[in-house]
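Below: one structure, written as structure tokens.
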Amino acid sequence: MDERVQAVKDRVHEACLRARRPASEVTIVAVSKYSDVSGTGWFLEQGMSHLGENRLQAAQPKLDAFPQAIWHYIGSLQTRKVREVVQKFAYIHSVDRIELAEEINRRCEGLANQPGCFLQVNLSGESTKGGFTAGELRNFVRSISTYVHLQVIGLMTIAPQGASDDECRTLFRGLRELRDEVRLLGEPASRIRELSMGMSQDFEIAIEEGATFVRLGSVFLNQ
Ligand SMILES: *Cc1c(COP(=O)(O)O)cnc(C)c1O
């Protein structure tokens, strides 16, 4: 195994140990958006089967080349691209507004493999970033049973760039507490189990706070 991949896995394991969590709870999504087709193939050669992309157009040649990968859509998503994205990706991490949830629900009807969706939450209050506020999320989850084709499996957040470790920890802990809270709203909210949080700068803190999916790109490039 490549030493960069080994080093990342070691860091994931150590964070799990500190948190007394089994490493099997954490899925590494290798973000291939910085890589071309052959660079993306490298992740698969390294045994990383979960790959993340943030743009449909840039992802397309990689989706074509590697249909065996488990593809995660992690970027902001325009409603007009939903029809294609729900067919090609196993997960969507960036359901950041009601209009998008409605479109995914509509486009997932009759689909054999409906993607697992994360509701993106903006807990830092950054105006440049999409996502539900905590209040909006609570309201949305109360209405979730009306979205019969939308498979919401978890919550996702992105820490602001340049946030300190303490700020990241507070945000990630907040997302975990919000998940624990909204899960209590009954079926199907009880299926909201996963936490997609943690990127190259902050994934160890995210794991300590309960992340089940970490989205890692640049950490594989420069070590
Ligand atoms: C690019 C990207 C990542 C990966 O970021 P790195 O800091 O390179 O690890 C994770 N999540 C989202 C939503 C991204 O757009």
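What follows draws every value from the coordinates through simple rules; no lab data is involved. Quantities reported herein were computed from a predicted structural model and do not represent experimental measurements. For neighbour counting, all protein chains shown are included, and Cβ atoms are generated from backbone atoms with ideal geometry for every residue, glycine included.
Observations, loosely collected:
- Counting every pair of alpha carbons in the stretch 141-181, the share spaced more than 12 Å apart comes to 66 percent.
- Here K129 is the anchor, and no lysines lie within straight C-alpha reach of less than 17 Å, apart from those fewer than 8 places off in the same chain.
- Calculated FRET efficiency, H149 to D10, Cβ-Cβ distance, R0 = 30 Å: about 0.15 to the nearest 0.05.
- Straight-line reach from K88: taking Cα to Cα under 19 Å and skipping same-chain neighbours fewer than 8 places apart, the lysines in range are K33, K62.
- On full extension, the segment bounded by R193 and V37 gains 52.9 nm, given 0.36 nm per residue less the C-alpha separation.
- From its DSSP helices (H runs of at least four residues, each -39,500 (n - 2.57)), the chain gives a residue-normalised ellipticity at 222 nm of -11500 deg cm²/dmol.
- Summarising the amide proton neighbourhood of I92: residues at separation of 5 or more, or on other chains, whose placed amide H is nearer than 5 Å comprise Y73, G116, C117, F118.
- Fewest-first ranking of H13, H93, using other Cβ atoms within 10 Å as the exposure measure: H13, H93
- Between S218 and A112, the C-beta separation translates, for a Förster distance of 30 Å, into a calculated FRET efficiency of about 0.30.
- Note on R80, R106: ascending count of other Cβ atoms within 10 Å places them as R80, R106, the fewest first.
- Take the Cβ atoms of E136 and R55, set R0 to 30 Å, and the FRET efficiency comes out at 0.75.
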